[in-house]
Amino acid sequence: MKRLLLLLSLLFLLTAPAYSLSDAEYLRMRKSSADFARADKRLNQVWAGLRKSLPKKVFTQLDKLQREWITSGRDDEAAALMEDGYSRMEAYTMATNDRADSLPKIAESLRPSAKAAKTQTSTERPKPQPKPARTPAQEPAPVPEPDPIPEPEPEPEAPAILRASDVEGEYQNDSGFATVRIVDRSSDEVQVTFSRFKDGVHWTAKGWLDGNTLELSDPNYSECQATLTFSAGRVKVDIADTDDWNEAISPDFVLKGTYRKLAN
């Protein structure tokens with residue numbers, strides 16, 4: 001029995017695809033290729049828009065399909081392109097752009113009403129519109145003057161002191177989401193969960209809001225690991241510069257940056 005398991009393991013290693021994209025290779029591609037970075041950012045933006053617009057049930061189905069694409073579908077598409085003579089970088093860039101184009105179509109195919117609307121459109125022909133009656137020649141209407149360009153409104157200033165209820169909600173940037181939830185209103189204790197777009201990896205930590213600043217630490221570390229600075233509709237995230245924190249997280253877990261608050 002042990003010999004059979006050993007043979008099966010060796011067979012899997014010999015037949016496993018050599019083109020599979022690891023997290024480390026993904027990060028190197030983003031840093032070394034501007035075209036791949038633009039394609040990946042575009043895919044993230046399309047994904048974020050669908051997440052906001054789709055019903056929860058439809059988005060859950062789309063999320064499952066996207067995870068399957070990240071796990072194996074992307075590699076299969078890139079492998080087919082490499083067989084046609086494209087380089088590895090070109091193949092993954094093209095596969096990412098193609099996915100950004102196809103995601104809205106896939107989402108529409110998951111909507112129950114989309115199929116019914118499509119069937120109705122194909123069976124019912126629009127009635128021809130009557131031709132408009134001819135009217136005597138008239139002088140051309142005067143061209144209206146363009147409306148004056150409104151001056152941009154000044155951005156509202158951030159309040160000097162924020163409460164936990166002011167910062168509670170969901171925030172987003174190009175890399176992922178940050179969900180802020182109140183744990184204890186009496187002490188302004190807050191829990192924050194960060195989630196990546198590309199693979200759903202998340203990190204959760206707690207802290208106490210002090211004015212517009214929140215210092216986070218997960219249960220395994222007593223020192224501050226991340227500092228959040230809140231303003232009107234935004235939060236800026238800075239990672240603590242400590243050896244413990246740098247060793248505690250995966251090197252490709254993107255936390256740092258500015259997140260925009262999503263409307264409730």
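The values are calculated or read from the model by the stated rules, or taken from the named source; none is laboratory data. The shown structure was predicted, so the numbers you read here are calculated from the model rather than taken from an experiment. Surface areas here come from the heavy atoms of the whole protein model, side chains and all, with no ligands, DNA or RNA. Shrake-Rupley method; radii C 1.70, N 1.55, O 1.52, S 1.80 Å.
Please tell me which of these pairs span more than 24 angstrom C-alpha to C-alpha: Lys41/Lys206; Lys31/Lys56; Lys105/Lys256; Lys198/Lys261; Lys52/Lys236; Lys31/Lys64?
The pairs that break the limit, which is 24 Å between Cα atoms, are Lys41/Lys206; Lys31/Lys56; Lys105/Lys256; Lys31/Lys64.
Where only protein heavy atoms count, and the probe is 1.4 Å, what is the accessible area per residue for region 172-228 in Å²?
On a per-residue basis, region 172-228 sits at 47 Å².
Give me the mean projected area, in nm² to one decimal, of the convex hull enclosing the Cα positions of region 168-211.
Across all orientations, region 168-211 yields a mean hull projection of 3.2 nm².
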